[in-house]
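In what follows, a single structure is set out as structure tokens and then discussed.
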Amino acid sequence: MGVPIGTICIFDEVPRDLPEDESEALALIARQIVDVLELRRITRELGESNEQLENFAAQVAHDLRNPLTALTGYIELAADVPEVAGLPAASRALARAESVADRMSGMIARLLDYARVGGAPIRRTAIEVEPLVASAMEDLRSAGEDNGAEVTVEASVPVNADPTLLGVLLQNLVGNAVKFSGIGGRLPEVVVSVGTVAAGVRIVVDDNGPGVPPAERELVLEPLERGSNADAPGFGIGLATCRRIVESHGGRLGIDDSPLGGARVWVVLPSA
């Protein structure tokens with residue numbers, strides 16, 4: 001700031017003093033030119049940042065897809081073993097594992113597209129929340145991370161959003177609620193509610209966990225930030241991902257106190 005980068009000149013046919021109003025107009029033009037140059041610089045840096053993000057996302061997707069493909073192959077092989085095929089419980093478990101692997105593969109592909117363009121075009125459709133919450137809980141149970149949680153869904157309206165991204169959003173919010181509510185052996189209680197508000201549709205996830213102190217509610221929405229609840233496993237990426245998904249829909253996300261005694265994470269998504 002304050003470093004000269006050029007000169008604006010005005011030419012006339014005869015020498016004269018520049019009136020004050022014209023001098024102010026010239027200064028305004030100069031500031032606007034500086035703003036345009038600064039915008040170009042920021043745009044260039046964002047382009048470079050997006051390229052780095054795309055390369056990083058592509059590498060991560062590659063590293064995830066390889067073991068996932070191998071896992072899916074082993075599941076298919078196990079399902080074809082006659083001894084396993086004759087056991088209904090084992091067949092159901094393998095079918096459930098294959099479903100989870102397919103869902104994860106879809107998420108990887110969609111989130112890779114999302115990262116490539118800094119936010120892929122949102123494919124909105126009307127989605128019922130209850131099946132997505134059920135899928136999230138099924139994934140947690142399969143991984144032994146449900147902590148015996150009791151999850152209630154009170155959804156009076158569908159949500160107009162991208163199906164895959166909404167699934168990732170709910171998986172993170174419900175997973176966080178279950179994880180943090182289970183700290184110290186507490187039986188998690190989680191309520192997911194959906195209703196209309198003036199700005200669109202509001203999704204609320206309440207839990208009976210330790211909550212989030214007011215001073216940390218913005219902090220925990222940043223990548224790799226976990227706040228003071230560091231006893232639960234995790235890397236501090238889930239809520240940052242949630243906020244990015246919500247903002248890509250033109251919505252808002254926040255954290256309040258829950259009537260259940262823990263945290264309330266709310267999301268407002270516009271109707272269109």
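Residues in segment 242-272 that are at pLDDT below 90 and acidic (Asp, Glu): 247 alone. Just one of the numbered conditions (1) open to solvent by 10 Å² or more (accessible area, probe 1.4 Å); (2) more than 17 Å from residue 129 (Cα to Cα) is not true of residue 196: (2).
Take residue 174 and decide whether it is among the aliphatic types (A, V, I, L, M), modelled with pLDDT of 90 or more, in contact with a helix residue (DSSP H, G or I) (Cβ under 8 Å, 6 or more places away or on another chain) and open to solvent by less than 30 Å² (accessible area, probe 1.4 Å). It is true that residue 174 is among the aliphatic types (A, V, I, L, M), modelled with pLDDT of 90 or more, in contact with a helix residue (DSSP H, G or I) (Cβ under 8 Å, 6 or more places away or on another chain) and open to solvent by less than 30 Å² (accessible area, probe 1.4 Å). Taking each residue of segment 69-81 that is within 11 Å of residue 102 (Cβ to Cβ) and looking for partners that are of a type in the set (D, E, K, R) and surrounded by fewer than 12 Cβ atoms within 10 Å (Cβ to Cβ) with beta-carbon atoms closer than 6 Å, six or more apart or interchain, yields nothing. One residue alone among 126, 134, 109 is loosely packed, with under 15 Cβ neighbours inside 10 Å, at pLDDT 85 or above and under 24 Å from residue 250 (Cβ atoms), and that residue is 126. Note on segment 156-170: among residues that are open to solvent by 30 Å² or more (accessible area, probe 1.4 Å) and modelled with pLDDT under 90, the one that is nearest to residue 204 (Cα to Cα) is 156. Residues of segment 157-181 that are over 17 Å from residue 261 (Cα atoms) and of a type in the set (Ser, Thr, Tyr): 164 alone. Of the residues making up segment 235-258, just one is over 12 Å from the mean Cα position of the chain (by Cα) and of a type in the set (Ser, Thr, Tyr), namely 258.
The values are calculated or read from the model by the stated rules, or taken from the named source; none is laboratory data. This one's a predicted model, so the numbers in the text were calculated from it and none came from an experiment. Cβ coordinates were reconstructed from backbone atoms using ideal geometry, including for glycine residues, and neighbour counts include every protein chain displayed. Surface areas here come from the heavy atoms of the whole protein model, side chains and all, with no ligands, DNA or RNA. Shrake-Rupley method; radii C 1.70, N 1.55, O 1.52, S 1.80 Å.
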